[in-house]
Amino acid sequence: MSVGVELELGVLFLIQTVGHGVFDRFEVETPAWRKILKWLIVAGLTLGLYMQVGHWALILPVAGGLAGATFHLAWCRKHGINPLRATPRRKYWELRGWEWTE
């Protein structure tokens with residue numbers, strides 16, 4: 001049995017599901033259209049690359065996720081933010097330029 005594009009779709013689904021579960025609190029004020037556009041671009045590029053290079057296309061979302069997580073950890077440490085909990089919350093919101101309301 002040969003595995004086709006299902007592998008890419010499964011990996012994209014897994015990355016998106018785990019990513020949202022872990023990092024959702026960091027995107028509270030990000031507009032929905034930006035999050036949707038980001039995933040449409042990632043999925044479109046990955047599936048487009050699949051047509052050209054096969055399963056090597058998985059390098060794009062995996063490498064992008066690793067680069068994003070690395071940048072996220074470094075940025076959070078530099079600014080004194082917990083990289084999993086986004087705390088202290090007020091400080092994080094101020095760094096993102098979001099309006100803090102209590």
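Where a number appears in this text, it was derived from the coordinates with a stated rule and is not lab data. Computed from a predicted model, the values in this text were never measured in an experiment. As a convention, Cβ positions derive from the backbone with ideal geometry for all residues, glycine included, and neighbour counts pool all protein chains shown.
Among the trypsin sites (Lys or Arg not before Pro) within the chain, which fall in a DSSP loop and have no more than 14 other Cβ atoms within 10 Å of their own Cβ? Intermediate values should be presented prior to the final figure.
Numbers: sites: Arg25, Arg34, Lys35, Lys38, Arg77, Lys78, Arg85, Arg89, Arg90, Lys91, Arg96; in loops: Arg85.
Here the trypsin sites (Lys or Arg not before Pro) that fit, given the DSSP loop and packing criteria, are Arg85.
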Ellipticity estimate at 222 nm from DSSP helix runs (n ≥ 4, -39,500 (n - 2.57)) divided over the chain, nearest 500: -22500 deg cm²/dmol
Within straight-line cross-link reach of Lys78, lysines at Cα separation under 18 Å, skipping those fewer than 8 residues along the same chain: Lys91
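With a cap of 16 neighbouring Cβ atoms within 10 Å, and only residues DSSP puts in a loop, list the GluC sites (Glu not before Pro) found in region 1-80. Don't skip to the end; give the middle numbers.
Numbers: sites: Glu6, Glu8, Glu27, Glu29; in loops: Glu29.
Passing both the DSSP loop test and the Cβ count: Glu29.
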Largest to smallest principal axis extent of the C-alpha atoms in the chain, angstrom: 55, 26, 20
Cα centroid separation, region 48-102 to region 1-19 (Å): 20
Acute angle (nearest 10 degrees) that the helix 32-53 long axis makes with the longest principal axis of the chain, alpha-carbon atoms: 30
Straight-distance crosslink candidates among aspartates and glutamates, where the alpha carbon sits under 18 Å from Lys35 and sequence neighbours closer than 8 are dropped: Asp24, Glu27
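For the chain, which span is the longest to avoid every loop-located (per DSSP) member of chymotrypsin sites (Phe, Trp or Tyr not before Pro) having at most 14 other Cβ atoms inside 10 Å? Write down the numbers at each step before the final one.
On the way: sites that count: Trp98, Trp100.
No qualifying site falls inside 1-97, the longest such stretch.
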Top of Leu58, Leu37, Leu84 by mean-square fluctuation, Gaussian network on the chain, Cα under 10 Å: Leu37
